[in-house]
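The structure under discussion appears below in the form of structure tokens.
The values are calculated or read from the model by the stated rules, or taken from the named source; none is laboratory data. The structure presented is a predicted model; accordingly, all values stated were derived computationally and were not measured. Positions of Cβ are generated from backbone atoms using ideal geometry, with glycine treated the same way; all protein chains shown enter the neighbour counts.
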Amino acid sequence: MTKVRIATVWLSGCSGCHMSLLDIDETLLDLADRFELVKSPLVDAKEFPAGIDVTLVEGAVANEEHVEILKDVRAKSRLVVAFGDCAVTGNVPAMRNPIPPHDLLERVYGKGMTTTGTLPTEVVPPLVDRVRPVHEVIPVDLWLHGCPPPAGVIARVLTALLNGEMPQLTGKDLKFG
Amino acid sequence: MNLEQLRKIRERAAKELNLRSGKARVKVIVGMGTSGIAAGARDVLAAFLDEIGKRELTDIIVTQSGERGLASSEPVVEVHLEGKPTVVYGHVTPELARRIVSEHLVNGNPVTDHVIEVRE
Amino acid sequence: MRTRLDVLICAGAACLSAHSAAVRDALAREIEAHGLSDEVRIVETGCMGPCELGPVMLVYPDGAFYIHVTPEDAAEIVEEHFLKGRPVERLLWTTPEARRIAEQRKQVPFFAKQRKVVLKNCGLIDPENIEEYIATDGYAALGKVLTEMTPTAVAETIAASGLRGRGGAGFPTGKKWGFVAGAPGPEKYVVCNADEGDPGAFMDRALLEGDPHAVLEGMAIAAYAVGANHGYIYVRAEYPLAINRVEAALAAAHRMGLLGNNIMETGFSFDIEVRMGAGAFVCGEETALIASLEGHRGQPRPRPPYPAVEGLFGKPTLINNVETFGNVRHIILNGADWFRSIGTESSPGTKVFALSGKVVNTGLVEVPMGTTLRELIFEIGGGIPDGKEFKAVQTGGPSGGCIPAEYLDTPIDYESLQELGSIMGSGGMIVMDADNCMVNLARFFLEFTANESCGKCIPCRVGLPAMLEILQRITRGDGRADDIDKLERLGKTIKTASLCGLGQTAPNPVLSTLRYFRDEYEEHLVGRCRAKECTALIRYWIDPEACRGCDQCRRACPVGAIAGTPGNPPYAIDAEACVRCGTCREVCPFGAVEILDRR
Amino acid sequence: MEQVVIQIDGNEVRTARGNTVLEAARDNGIRIPTLCHLDGLPDIGACRLCMVEIDGRFGTACTTRVRDGMKVRINTDELHEMRRTVLELLFAERNHVCSFCVSNGHCELQDLACELGMDSVRVPYRYPTLSLDATHPRFIIDHNRCVMCARCVRVCAEVEGAHTWGIAFRGTQVRVITDLGVDWGNAETCTSCGKCVQVCPTGAIVLKGQATAEMEKHPELVAELEERRRAG
């Protein structure tokens, strides 16, 4: 049996959703035989590989690099899952939206904040005007709510996906926060 | 006021409206709705009164009304000459008002190039 | 020198074949012979219509209409008519039809095609002179109902006339009167809705300014019919002249005992107060208007209960629009059958429209219901200026829909407009030509309604700005593939879920343009605006073949985006610096500046 | 009490004459989603979530009184879609960040997302710039989390009789305000009774000193109060 190819990406978020993924504990071990984690912050690979079955996207879209990553992810993944509130709603990262990006950079890197006082142009990707949820940038197939999504829900969703079913999330599964 | 009195007023006023009473021979109605005023109807009214005064014409009534609808032709002025069709002018300026007085009201020749309607 | 007489000779095919050219030549000779060349001008016209009477000719300004004219008649016409001012009777066509044709020739057909009922007195009588109003049978209808009719008979007459609310929704007026008359309670109110908020619509203002007593009389008749003794006119504070005239009219009517206590000594009393609105569009909605009259925040509330049951200060209230009240006295005086003889079966009477946009004659027109859009726009309106092509007409104000050319022959009534995805509204009518981008137009109207949403219910408050944001990104060229679906879904939800008429109609401009001009939306998604109106999707370009290096564009450009040296063409536009204001195109004497798709 | 028979989704149900459709449904154990409605306060039909189909026309269940033979439809695809879209609009309107809200887990808006199956918000998020007023010694109003249900306005006027809360501006600018727009701490009419806190469905009006998910409210207090007042 070929293993289901799963990837995860980490955009603008706290990595709490990835932590919650690890929190599904021994279920992860049960499932591990059935999928291959081909790209993830937890896996060392430079390029995002093609032919992915499911990609979990943690975090909101905050800079131009994220937009590029998502386009790449969408092109190479059969299913894209918005993984956690930041990916679903923008959540905490989106709280910077009322503030112009330049003012943010000035506040973080500008004069008096760092020794040089110059704004980054190369290492830090340009910020997008507004932080957005993933589905405002690429089509999304499934939304996993929660900050972070509860480990039990993650386990249930993964199990269903590995069984080739589309998980049905209803009621309390859809609780934000 | 009762109905009978109302009827009497109507009869009297209707005559005036038809220009048959007194010595008025001509009635000039300047459209003084918001569209007319915005397009300069006040100056036009003043020009009529001034020109008629200067010429000491006593048989002309100048009065006002609301707007007739053709906003793009304001200010609009209507001229009733006894026994003649009613002539309506559009885009009336104070200068044109003075011409209307001399050519139309005095000499009976409508200023044709500014006529927008003729009614029996 | 100005000519004294214009002789219009028909040069239509029928008259030409009846030798109108020979008549023309004979007349010219006679005019010359009598030394009248400077005073009389001969003009050849197109077909005048009564071809079987040709050759025909019309002498202006006299309005003399000659038929079957022969070259032999020329001498007599010139001698008698042109010289001595005595028209040649034996050649005159004197039927009313002839007069009508004669009148129409040099006039703006703007007036001829109209049927004035409500606006009959506007422009004719002095609105500040109550006697002039009385002279036109003013207050005779009120006298009639007070002395000859029962309140029920009045409401029944209005019901029988088929009059429908002219504020836009078209609810049967008589039915409404019957509801209020039948509502229990000793205290009732009559309210006149003069909060005319549609941009470009000013029929209510014109009536209040030009014939205020007609509205007062209509209200008094309504008050008698429903059993009210107090009325309010809720008028926009932006209409100072209308307010002055109404107040003057109220004072005059009071002085003469035509309003107030014991009207015309019949024992019936009715008073009217004027209240000014502060300019919120939503206050034209009846429940919001009532809230505002009561001194509350002008917000609508769900109906039922309808104002007829629970209205102003919780009492049964009749609320009608200015134009509706303006119809009342004519129906009472002339009868319901007369009213039904005008207009259509389902929408009797006339309607006043405010014609504006890309049309030659703009202003207010009153026509029988059932008049077609084509008659309104092309005959009364005089068609599209500069020979451009008609594209669409937007009816019903900012929440109306756009109707394309294929439906120009639709007779205008409440139902037909609704079927086309638009509304009658208060009667706004904005004409558009090929230079108008329909997406941008929808965006423009939505901007207005989104701003004017009172904020009470969610679909209108948040839904309209959401639609607006999507439209903005489409016109900016940032539209997304599913945006059209999103607009449709949102529009549908807002229409059904909104609390009041504002939200329930606000998506119409978007939904109707999506219905008739969907291809324009799709083009915008791939970066093209065919009307070249959306500046983000166009660029200006100087055709090197046509440019002569005159330097005018470079000097006119406000941002210095054009480079070139005088006398050394071609000039060129820096697309990055260009702000796409179009000034260069306007000033170029050679038509060398073109608008291209940005991509 | 006189009974009226109406149909809800094809089933005949009985309810007292004078009841609203919402009350009729609830009496018969049928749930209609609501947000601006609160027992004990006059209904305003603002949130549109209780929209139902009544004899073929759409109307709010909270403001429509039952009539004999009335046919009500509550659960249709069209109504589900409409309610969900309205809810999405609410989430998109202001900055509802559940993860660090004092009302997290005790929020009617959050619960509605679960109830109506709102997996994502399909309309553009607005992310407006909004303020928070903490000038009152005991309470906070955070406009980022306000849904403009006007419960605070109604409870303050109708139950407390203080008329401190009001509504200002139009469209998306619309705001609840205290005493014609002064800071809450300077609102002289406020009796600091705290009813607005209890009735607010979200984390917009809250007690000071609460940490995330700590704020539990008791909107049912209003109905109890009304009940006791009626009983004298």
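Condition test on residue A:170, is it farther than 25 Å from residue C:478 by Cβ, hydroxyl-bearing (Ser, Thr, Tyr), surrounded by fewer than 17 Cβ atoms within 10 Å (Cβ to Cβ) and within 14 Å of chain D (Cβ to nearest Cβ)? Judged against the criteria, residue A:170 is a match. Screening residue A:119 against (1) under 18 Å from residue D:120 (Cα atoms); (2) in a loop (DSSP other than H, G, I, E, B) leaves a single unmet condition, (1). From the list C:430, C:423, the one residue that fits, being among the aliphatic types (A, V, I, L, M), away from chain D (no Cβ under 14 Å), in contact (Cβ under 8 Å) with a residue 60 or more places away in the chain and closer than 20 Å to residue C:288 by Cβ, is C:423. Out of the residues in segment D:37-46 that are in contact with a helix residue (DSSP H, G or I) (Cβ under 6 Å, 6 or more places away or on another chain) and surrounded by 19 or more Cβ atoms within 10 Å (Cβ to Cβ), which is nearest to residue D:228 (Cα to Cα)? Applying the filter and picking the extreme gives D:40. Within segment D:175-215, can you find the residues that are more than 16 Å from the chain's Cα centre (by Cα) and crowded, with 18+ Cβ neighbours inside 10 Å? Answer for segment D:175-215, where residues must be more than 16 Å from the chain's Cα centre (by Cα) and crowded, with 18+ Cβ neighbours inside 10 Å: D:177, D:178, D:184, D:187, D:190, D:213, D:215.
Checked against the criterion of being touching a residue at least 24 places away in the same chain (Cβ under 8 Å) and more than 30 Å from residue A:138 (Cα to Cα), the candidates D:126, D:138, D:122, D:145 yield just one match: D:138. Taking segment C:251-277 on its own, how many of its residues are more than 11 Å from every other protein chain (Cβ to nearest Cβ) and either closer than 19 Å to residue C:220 by Cα or assigned to a loop (DSSP other than H, G, I, E, B) (or both)? So the answer is 12. With a requirement of 1 or more residues that are closer than 21 Å to residue C:133 by Cα and more than 10 Å from every other protein chain (Cβ to nearest Cβ), the strands (runs of 3 or more DSSP E) lying completely within segment B:65-120 that satisfy it span B:77-81. If you go through segment A:134-160 and keep only what is in a loop (DSSP other than H, G, I, E, B) and either over 13 Å from the mean Cα position of the chain (by Cα) or surrounded by fewer than 23 Cβ atoms within 10 Å (Cβ to Cβ) (or both), you end up with A:137, A:138, A:139, A:140, A:141, A:150. When only residues in segment C:278-322 that are aliphatic (A, V, I, L, M) and in a loop (DSSP other than H, G, I, E, B) count, which is nearest to the other protein chains (Cβ to nearest Cβ)? By that ranking, first place goes to C:280.
Considering segment C:282-296, the residues that are free of Cβ contacts under 8 Å to residues at least 12 places away in the same chain and either polar (S, T, N, Q) or on the phi < 0 side of the Ramachandran plot (or both) include one that is surrounded by the fewest Cβ atoms within 10 Å (Cβ to Cβ), namely C:296. Pairing residues of segment A:39-55 that are surrounded by 11 or more Cβ atoms within 10 Å (Cβ to Cβ) with residues that are among the aliphatic types (A, V, I, L, M) and at pLDDT below 85, at Cβ distances under 7 Å and at least 6 apart in sequence or on separate chains, gives A:39/A:45. The single residue among C:446, C:441, C:468 that is closer than 23 Å to residue C:397 by Cβ and free of Cβ contacts under 8 Å to residues at least 60 places away in the same chain turns out to be C:468. Looking across segment C:515-567, just one residue is assigned to a helix (DSSP H, G or I) and among the β-branched types (Val, Ile, Thr), and that is C:535.
Within segment C:568-585, if we keep just the residues that are of a type in the set (Val, Ile, Thr) and not in a strand (DSSP E or B), the residue that is surrounded by the most Cβ atoms within 10 Å (Cβ to Cβ) turns out to be C:583.
Quick grid of which residues meet (1) in the same structural domain as residue D:112 (by TED's automatic domain parsing); (2) without any contact (Cβ under 8 Å) to a residue 24 or more places away in the chain; (3) part of a loop (DSSP other than H, G, I, E, B):
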| residue | (1), (2), (3) |
| --- | --- |
| D:25 | no, no, no |
| D:30 | no, no, yes |
| D:34 | no, no, yes |
| D:39 | no, no, yes |
| D:45 | no, yes, yes |
| D:62 | no, no, yes |
| D:67 | no, no, yes |
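Scanning segment D:96-114 for residues that are more than 19 Å from residue C:459 (Cα to Cα) and within 17 Å of the chain's Cα centre (by Cα) yields D:103, D:104, D:105, D:106, D:107, D:111, D:114.
The helices (runs of 4 or more DSSP H) found entirely in segment A:20-94 that carry 1 or more residues being within 14 Å of chain D (Cβ to nearest Cβ) are A:85-89.
Can you pull out every residue in segment C:138-147 that is facing chain B (nearest Cβ under 7 Å) and not in a helix (DSSP H, G or I)? Matches in segment C:138-147: C:139 only. Pairs meeting the criteria (first residue in segment A:161-175 and assigned to a helix (DSSP H, G or I), second residue aliphatic (A, V, I, L, M), beta carbons under 7 Å, at least 6 apart or on different chains) are A:161/A:54; A:162/A:4; A:162/A:31; A:173/A:153; A:174/D:113; A:174/D:118. Residues of segment D:36-52 that are under 11 Å from residue D:151 (Cα atoms), among the aliphatic types (A, V, I, L, M) and at the interface with chain C (Cβ under 9 Å from one of its Cβ atoms): D:44, D:46.
Among the residues making up segment D:137-174, those that are surrounded by fewer than 23 Cβ atoms within 10 Å (Cβ to Cβ) and among the aromatic types (Phe, Trp, Tyr) are D:139, D:169. For residue C:487, the requirement of being in a helix (DSSP H, G or I), under 27 Å from the mean Cα position of the chain (by Cα) and in contact (Cβ under 8 Å) with a residue 24 or more places away in the chain is not met.
May I ask you to say which residue of C:495, C:456 is basic (Lys, Arg), at pLDDT 95 or above and assigned to a loop (DSSP other than H, G, I, E, B)? Among C:495, C:456, only C:456 is basic (Lys, Arg), at pLDDT 95 or above and assigned to a loop (DSSP other than H, G, I, E, B).
Checking each residue in segment C:107-136 for being surrounded by fewer than 24 Cβ atoms within 10 Å (Cβ to Cβ) and either facing another protein chain (nearest Cβ under 7 Å) or over 27 Å from residue C:348 (Cβ atoms) (or both) picks out C:107, C:108, C:111, C:124, C:126, C:128, C:129, C:131, C:132, C:135. Here residue D:149 meets each of (1) within 30 Å of residue C:449 (Cα to Cα); (2) among the hydrophobic types (A, V, I, L, M, F, W, C); (3) touching a Lys or Arg at 6+ places or on another chain (Cβ under 9 Å) with one exception, condition (3). Scanning segment D:103-119 for residues that are under 26 Å from residue C:467 (Cβ atoms), assigned to a loop (DSSP other than H, G, I, E, B) and either free of Cβ contacts under 8 Å to residues at least 12 places away in the same chain or at the interface with chain A (Cβ under 7 Å from one of its Cβ atoms) (or both) yields D:117, D:118, D:119.
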